[in-house]
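Worksheet: one structure, shown below.
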Amino acid sequence: MAAVPLRNFDDFLVRRRSLNLRLNLSSEFPLRSIRMEISDNCTPLSANNESRGALVVFEGLDRSGKTSQCGRLVSYLEGLGHSVELWRFPDRTTSVGQLISAYLTNKSQLDDHTIHLLFSANRWEKRSMMETKLKAGTTLIVDRYSYSGVAFSTAKGLDFEWCKAPEIGLIAPDLVVYLDITPEKAAERGGYGGERYEQLEFQRKVSQHYKLRKDSSWKIVDACQPLDDVEKQVKEIVLQHIIACQKGKILSSLWSC
Ligand code: NYM
Ligand code: MG
């Protein structure tokens, strides 16, 4: 087939997309070359290395400083002109989120498996919106995600494979910033808010279970440092990932391993 000259940049994008599609359908396409670009928390959702926003997740014990750092980071990124949104899980504004909130504030009792599935459902109800935003170029800074789901429930004694199963197929984070603090130090920080799980003994277990979940998408930041130092480190790490996603990175889903 004769080569038709490119008319403009849009033309280039359309053709690159169609080439990607064709490559994707070909049984001879070397899948390993795709897998090399993704981390070990995920499987590819598409073979397209399109420019997109980054999915940045913050994890850590209660009182580790996630909410403050997420807020500071979002203001900083907005100041740089990035399209960015702050999300959090549980999202207590939905009807599923209200069931979770009632449980966390001890207004209702639920079986451990049931609450685990509700946390997961709360992520699933936002999944398609998440994909749309990321593909439109918006970076999402997310305060807790699937790693919280698994760490807190396995700390109660639930089986890891069982806990992981409902998370499979959610979008894989490009980066997980783990704010590392000892349970004792966290407890010293102005006390807990009185919600379920906010007890030193339980947080010790959660800390151990979080550490088992560390994969190549994780960056561990020492959260015992002064807030400004944590903020500085977080900004540097996150910016690198945002730039990589802007340049083009495969969107992947949790959780192949
Ligand atoms: N939590 C949070 C879980 O047990 N499973 C989950 O999937 C998520 C997202 O809810 N102690 C727990 C961790 C927290 C509690 O979160 C409420 P926050 O960030 O303190 O509002
Ligand atoms: Mg909390």
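The values are calculated or read from the model by the stated rules, or taken from the named source; none is laboratory data. It should be emphasised that the depicted structure is a prediction, and the values quoted were computed from it without experimental measurement. Neighbour counts run over all protein chains shown; Cβ positions are idealised from the backbone, glycine included. These accessible areas exclude ligands, DNA and RNA; they are computed on the full protein's heavy atoms, side chains included. Shrake-Rupley method; radii C 1.70, N 1.55, O 1.52, S 1.80 Å.
Can you find a residue that is over 22 Å from Gln208 (Cβ atoms), open to solvent by 20 Å² or more (accessible area, probe 1.4 Å) and either within 14 Å of ligand 1 (Cβ to nearest atom) or not acidic (Asp, Glu) (or both) anywhere in the stretch 136-158?
Checked the stretch 136-158: at least one residue is over 22 Å from Gln208 (Cβ atoms), open to solvent by 20 Å² or more (accessible area, probe 1.4 Å) and either within 14 Å of ligand 1 (Cβ to nearest atom) or not acidic (Asp, Glu) (or both).
Check Gln246, Gln225, Gln233, Gln240 and return the single one that is at pLDDT 95 or above, assigned to a loop (DSSP other than H, G, I, E, B), more than 16 Å from ligand 1 (Cβ to nearest atom) and over 14 Å from the mean Cα position of the chain (by Cα).
After applying the criteria, what remains is Gln225.
Only one of these conditions is not met by Lys219: (1) in a strand (DSSP E or B); (2) within 15 Å of ligand 2 (Cβ to nearest atom). Which number is it?
(2)
Select from the stretch 182-197 the residues that are touching a helix residue (DSSP H, G or I) at 6+ places or on another chain (Cβ under 6 Å) and open to solvent by 20 Å² or more (accessible area, probe 1.4 Å) and list them in ascending order.
Of everything in the stretch 182-197, those that are touching a helix residue (DSSP H, G or I) at 6+ places or on another chain (Cβ under 6 Å) and open to solvent by 20 Å² or more (accessible area, probe 1.4 Å) turn out to be Ala187, Glu195, Arg196.
Could you pull out the residue among Leu61, Leu80, Leu86, Leu99 that is touching a helix residue (DSSP H, G or I) at 6+ places or on another chain (Cβ under 6 Å) and more than 26 Å from Ala186 (Cα to Cα)?
Leu99
Every residue in the stretch 238-255 that is loosely packed, with under 15 Cβ neighbours inside 10 Å, of a type outside the set (D, E, K, R) and touching a residue at least 40 places away in the same chain (Cβ under 8 Å), please.
Hits for the stretch 238-255 are Ala244, Gly248.
Name the residue that is surrounded by the fewest Cβ atoms within 10 Å (Cβ to Cβ), counting only residues in the stretch 79-104 that are within 16 Å of ligand 1 (Cβ to nearest atom) and over 18 Å from Trp124 (Cα atoms).
Ala102
Given the criteria surrounded by 14 or more Cβ atoms within 10 Å (Cβ to Cβ) and within 14 Å of Arg63 (Cα to Cα), does Asp222 qualify?
no
Residues to consider are Leu179, Leu212, Leu200; find the one that is of a type in the set (A, V, I, L, M), more than 13 Å from the chain's Cα centre (by Cα), within 15 Å of ligand 1 (Cβ to nearest atom) and surrounded by fewer than 18 Cβ atoms within 10 Å (Cβ to Cβ).
Leu200
Output the number of residues of the stretch 113-125 satisfying the condition of being touching a residue at least 12 places away in the same chain (Cβ under 8 Å) and over 10 Å from Phe89 (Cα atoms).
Number satisfying all stated conditions: 8.
Between residues in the stretch 193-219 that are outside the structural domain of Lys107 (by TED's automatic domain parsing) and residues that are within 14 Å of ligand 2 (Cβ to nearest atom) and assigned to a helix (DSSP H, G or I), which pairs lie under 6 Å by C-beta distance while being six or more apart or on different chains?
none
State whether the residues of the stretch 189-204 include one that is polar (S, T, N, Q), closer than 26 Å to Leu118 by Cα, in contact with a Leu (Cβ under 6 Å, 6 or more places away or on another chain) and not in a loop (DSSP other than H, G, I, E, B).
The answer is yes, given that some residue of the stretch 189-204 is polar (S, T, N, Q), closer than 26 Å to Leu118 by Cα, in contact with a Leu (Cβ under 6 Å, 6 or more places away or on another chain) and not in a loop (DSSP other than H, G, I, E, B).
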